[in-house]
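Engineer: Just dropping this structure here.
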Amino acid sequence: MTEQRSHDSSTPSTTASVRGAANRRGPFRSGERVQLTDESGKMTTITLVDGGEHHTHRGVLTHDQLIGQPEGTVVSNTAGIQYQALRPLLKDFVLSMPRGAAVIYPKDSGQIVTMADIFPGARVVEAGVGSGALSISLLRAVGDEGRVHSFERREEFAEIARGNIETMFGGPHPAWELSLGDLAEELGATEEPGSVDRVILDMLAPWECLDAVATALAPGGVVICYVATVPQLSRVAEAMRADGRFTEPEASETMVRGWHVEGLAVRPDHRMVAHTGFLIQSRRLADGSPRLAPKRRASKSEYTEEDLQAWTPVALGERIVSDRKLRRAGRDAASLAQHAARAHEQIAGADDDAARPAPGASAAGDRAEPAATPAPETRAADTEAAGMHAVEHGRGADGALGLTDGRESDGERGRDD
């Protein structure tokens, strides 16, 4: 006989206390990010504010039409153009969030979380936080009880990443720690030897950090390096082999090709997200254990000066991100984080109101109370937020409150606008 378990709907779910869970459910709230899709399939991401408006050359859509409505609502603007409204998925958010550095694409983030076996409660070290795309995936995987320690050399990138992470989770994540500095120099001072479960390296020269990584990793721990070019891939693989404390490295790349499916017209899409980077993975051996590897025919393993210069940013044609773009991305990320925090406060306030017994309730039944008048500072904040909608169409598709969908070709990745 199957045991039936009753669920008391009056008891708050334990997932409500998990960071970032509450703001993924319920009706749309002021301060939240919403993805609008029009009849032609074009996507635009906006931030809802009380009294705000979304302007296009085809009419105006007021934010108040969406606030309080459930996900999946279809609304019309002043010209009769219909929009489907949904919360952005993680893959959508990553490609439309403010960025200073090029992000790790969702297809690679998913592979990293799986290949590295990022489990709930894991202790993870990440180097090269960039704009925070991978950090968000790692924090979701480790949960509130885990730990992600991110290292970033550039303070501008760190601020952008902090804003994006707080936007996604509605505030600071309890499992995230951010350190400014070089991982090779700082890791030994912040992490005990053998105390780290997983290490993710997203940098130009990950082989320079392998000694520090091997010291911090626990036996059986996983290290994954994300590199963009074949010379980088070759050099980090040989460095892992030469170190002697890692298993035989495994390398791969992921390509995603969409398909057009309409009736009998079924074919591959003309465009695809092809090469973005290589992933190379290895595991920490127990101290004193030899590395077992298949015997291979000898090949060239020494590097010339020309080989060493092949992976530099100049040789790769990488464009240096301008200070102006970094300042703008930092302001955008901070603004979005403030709006997300306001939306999270609304959720917390609603939970408190629901849990608090109504004063003067009688046995005959509870009487509905009139809505409380907002405090002066709250009204001022809402007034200020409502006025910010002008930025949405005044600064174009990359504005702080209205970011055009980030789906872009591989060639556009990391472009300095």
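Engineer: Any residue at all in the range 78-87 that's over 30 Å from G130 (Cα atoms), among the hydroxyl-bearing types (S, T, Y) and in contact (Cβ under 8 Å) with a residue 24 or more places away in the chain?
Structural biologist: Looking for residues that are over 30 Å from G130 (Cα atoms), among the hydroxyl-bearing types (S, T, Y) and in contact (Cβ under 8 Å) with a residue 24 or more places away in the chain, one finds at least one in the range 78-87, hence yes.
Engineer: Considering the range 258-274 alone, what residues qualify as being in contact with a Gly (Cβ under 9 Å, 6 or more places away or on another chain), closer than 30 Å to R235 by Cβ and open to solvent by less than 80 Å² (accessible area, probe 1.4 Å)? First the steps, then the outcome.
Structural biologist: Initial filter on the range 258-274 (in contact with a Gly (Cβ under 9 Å, 6 or more places away or on another chain)): 268-269, 271-273.
Checking which are closer than 30 Å to R235 by Cβ leaves us with 272-273.
Hit for the range 258-274 is V273, nothing else.
Engineer: Which residue is most open to solvent (accessible area, probe 1.4 Å), if the candidates are limited to the range 102-120 and must be touching a helix residue (DSSP H, G or I) at 6+ places or on another chain (Cβ under 7 Å) and within 30 Å of F28 (Cα to Cα)?
Structural biologist: Once the filter is applied, the top-ranked residue is P120.
Engineer: Looking at (1) modelled with pLDDT of 90 or more; (2) open to solvent by less than 60 Å² (accessible area, probe 1.4 Å), which one does K42 not meet, given that it meets all the others?
Structural biologist: Condition not satisfied by K42: (2).
Engineer: Tell me which residues, restricted to the range 36-51, are within 14 Å of Q65 (Cα to Cα) and touching a Lys or Arg at 6+ places or on another chain (Cβ under 8 Å).
Structural biologist: Those that are within 14 Å of Q65 (Cα to Cα) and touching a Lys or Arg at 6+ places or on another chain (Cβ under 8 Å): I46, T47, L48.
Engineer: Look at I81 and say whether it is under 30 Å from G68 (Cα atoms), touching a Gly at 6+ places or on another chain (Cβ under 6 Å), open to solvent by 10 Å² or more (accessible area, probe 1.4 Å) and of a type outside the set (S, T, N, Q).
Structural biologist: Numbers: under 30 Å from G68 (Cα atoms): yes; touching a Gly at 6+ places or on another chain (Cβ under 6 Å): yes; open to solvent by 10 Å² or more (accessible area, probe 1.4 Å): yes; of a type outside the set (S, T, N, Q): yes.
Criteria met by I81.
Engineer: OK, next. Of all residues in the range 275-297 being modelled with pLDDT of 90 or more and small (G, A, S), which is surrounded by the most Cβ atoms within 10 Å (Cβ to Cβ)?
Structural biologist: Result: S282.
Conditions tested, residue by residue: (1) open to solvent by 50 Å² or more (accessible area, probe 1.4 Å); (2) within 24 Å of the chain's Cα centre (by Cα); (3) under 24 Å from R342 (Cα atoms).
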| residue | (1), (2), (3) |
| --- | --- |
| Q35 | no, yes, yes |
| D38 | no, no, no |
| H54 | no, no, yes |
| V74 | yes, no, no |
| L86 | yes, yes, yes |
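Engineer: Same structure again: Please find, among D92, D197, D108, the residue that is among the acidic types (D, E) and over 13 Å from the mean Cα position of the chain (by Cα).
Structural biologist: Checking each option against the conditions leaves just D197.
The values are calculated or read from the model by the stated rules, or taken from the named source; none is laboratory data. The structure presented is a predicted model; accordingly, all values stated were derived computationally and were not measured. With ideal geometry, Cβ positions are generated from the backbone for all residues, glycine too; neighbour counts draw on all protein chains shown. Side chains included, ligands, DNA and RNA excluded: accessible areas come from the protein's heavy atoms. Shrake-Rupley method; radii C 1.70, N 1.55, O 1.52, S 1.80 Å.
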